[in-house]
Structures are given as C-alpha cells and as structure tokens.
Amino acid sequence: MEQAGEVSIVASMLSADMSCLGTDLLAAERAGADRVQWDVMDGAFVPNLTFGPQVIQSCRASSSLEFEAHLMVENPERLIKGCIEAGCGTVIVHEEACTHLHRTLGEIRDLGANAGVALNPATPLEHLHHVMDLVDLILVMTVNPGFGGQDYLWSMGTKISQAAELARRADRNVAVEVDGGINAMTAPSAVAAGARLLVAGSSLFAHRGGIEVALKELRSAAEPAVGTKKGSPRGA
Ligand code: DX5
C-alpha cells in the first residue's frame with residue numbers, strides 16, 4: 001500500500017533568479033524541496049540557452065539536496081561526465097537526442113550516477129522497451145521543453161500511466177517524473193496517473209506568496225492523490 005510522503009518535489013532552477021542561483025537554491029532547500037533539477041539547454045536541441053557543469057559545480061556547496069541534470073542538449077554524451085563531477089547524482093538525457101541511447105545510459109551508470117531518460121510529448125514510451133534494464137528514472141515531459149511557465153499538457157495523462165506501468169514491471173525501483181506546468185492544479189492528475197517526482201519551476205519561484213507557501217501548496221495538493229490510481233509504481 002502506498003504511503004503519503006511518497007511524492008518528491010524537484011525544484012527546477014530554470015525559473016530561479018539567475019543573478020543569485022545560490023540564494024534561490026538555499027531558499028528552495030529551506031522551503032522543503034526534495035531535489036534540484038538543473039535544466040541544461042544548448043540553444044540547439046531546445047530554443048533556449050542556460051547553464052552547464054561549471055555553474056552547477058559553483059552551486060554544489062550551497063545545498064545538500066540531490067542534484068539532477070536534465071540535459072536538453074544535442075549529443076548529451078559530451079556533458080555527462082562534467083555534470084556528474086559537478087555533483088549531479090542523476091543525469092537525464094532525452095531519447096530524441098541520443099543516437100545510441102543504450103550506450104549513453106550505460107555510460108551514466110558506469111560513472112556511478114542514476115540514469116534518467118526524458119521523452120518529449122510526441123515520443124512514444126515504446127522507445128524505452130529495450131533499455132529498461134539501464135533506466136533508473138523515466139521523465140515524461142508535460143510541456144515541449146525549452147521554457148518555464150508553459151501550460152501543462154493534459155493529454156500526457158495516459159503516457160504517465162503507461163510510464164508507471166512500465167516502471168512497475170521493472171525488476172527494481174524506477175522513478176516516474178514529470179516536468180512542465182506542474183502546480184497545485186495539475187499535480188494531482190500527474191500523481192494519480194503514477195508520477196512520484198514532480199519538477200516545478202515557475203509554480204515555486206514565481207509564486208506570489210513565496211517559495212515556502214508554494215511548496216506547501218504543491219505538496220498538500222499532490223500527496224492526497226497518491227494511491228488513487230491502482231498499480232501506481234513504487235516510490236522514487
Ligand atoms: C523544460 C523545462 C521546464 C522547467 C519547469 O522547458 O524543464 O519544464 O523545468 O518549468 P515550469 O515548472 O515553470 O513549467
């Protein structure tokens with residue numbers, strides 16, 4: 001039986017104040033975020049350019065939270081080692097950006113990090129069927145990646161459920177994460193479908209009541225939805 005407290009809130013640094021990332025990072029930790037996501041963008045795979053391993057490393061000492069790198073870049077292989085050395089315990093690559101996804105996921109794990117794979121809204125879950133032995137986290141994108149503050153794609157609900165089913169059938173813990181448009185209104189649907197890691201950017205950092213209020217609001221909206229759908233996966 002699933003217990004409350006199984007939902008993890010992942011603060012997306014894309015929506016933090018880029019002029020003082022360390023300060024916002026500390027605020028997110030103090031407000032109760034469970035994990036931090038660094039949205040690494042190269043302006044080629046997505047039409048936006050953000051930060052890389054050096055910035056992540058510069059913020060590592062500002063927080064004790066786990067860091068994950070979400071590589072929204074072409075040829076993500078070239079950034080894996082740098083992100084892990086910068087302090088990321090999980091590296092998430094986009095299936096669409098990997099010519100040799102099986103090899104890339106193996107490289108992440110060989111370097112001692114958890115391997116995550118992200119799927120853009122149009123990409124079917126079937127693309128993961130032959131690499132599930134190397135996957136520690138499935139990230140179902142609930143927006144088209146590149147920018148924060150976009151509307152949640154409700155049509156991804158079935159895909160989240162399918163990802164949860166795929167994770168449940170795996171012979172070990174596979175986390176199901178969602179990213180994009182996650183807030184107190186959309187989170188219950190994502191959690192009911194089986195997501196247990198909720199990436200949130202603008203709903204945390206742009207909340208008019210501040211990040212503490214935002215996190216409390218998001219968590220109290222999401223937690224009751226745990227277990228409201230049969231067969232949800234084990235926790236993250
Ligand atoms: C892809 C990014 C964003 C971000 C979350 O564009 O990965 O989804 O993390 O942004 P919000 O929570 O503002 O939709």
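The values are calculated or read from the model by the stated rules, or taken from the named source; none is laboratory data. Computed from a prediction, not measured in an experiment: that's the story for all the values here. Note that each Cβ is placed from the backbone with ideal geometry, even for glycine, and that neighbours are counted across all protein chains shown. Each accessible area value is taken on the protein alone, full model and side chains, heavy atoms only, with ligands, DNA and RNA left out. Shrake-Rupley method; radii C 1.70, N 1.55, O 1.52, S 1.80 Å.
Quick notes
- Annotation: extensible slack from ALA44 through GLN150 equals 36.2 nm (criterion: 0.36 nm per residue apart, minus Cα-Cα distance).
- Cα pair count fraction exceeding 31 Å, expressed as % - the chain: 13
- Other residues with beta-carbon under 14 Å from the beta-carbon of HIS207 carry, at +1 per Lys or Arg and -1 per Asp or Glu, a net charge of -1.
- Separation of the range 137-182 and the range 45-68, taken as the distance between their Cα centroids, equals 21 angstrom.
- The GNM of the chain, with springs linking C-alpha atoms under 10 angstrom apart, assigns the highest mean-square fluctuation among HIS207, HIS130, HIS70 to HIS130.
- Averaged over its residues, the chain has an accessible area of 42 Å² per residue, based on protein heavy atoms and a 1.4 Å probe.
- For the pair ARG208 and GLU126, a Förster radius of 41 Å applied to the C-beta separation gives a FRET efficiency near 0.50, rounded to the nearest 0.05.
- The fraction of accessible area contributed by carbon and sulfur in the range 138-236 is 52 percent, rounded to a whole number (1.4 Å probe; ligands and nucleic acids excluded).
- Dividing the summed -39500 (n - 2.57) terms of all DSSP H runs of n ≥ 4 by the residue count of the chain sets its mean residue ellipticity at 222 nm at -9000 deg cm²/dmol.
- Counting charges near THR90 (Lys, Arg +1; Asp, Glu -1) among other residues having Cβ under 10 Å from its Cβ returns a value of -3.
- In terms of its C-alpha gyration tensor, the range 39-174 comes out oblate, because a/c is 1.5 or above while a/b does not outweigh b/c.
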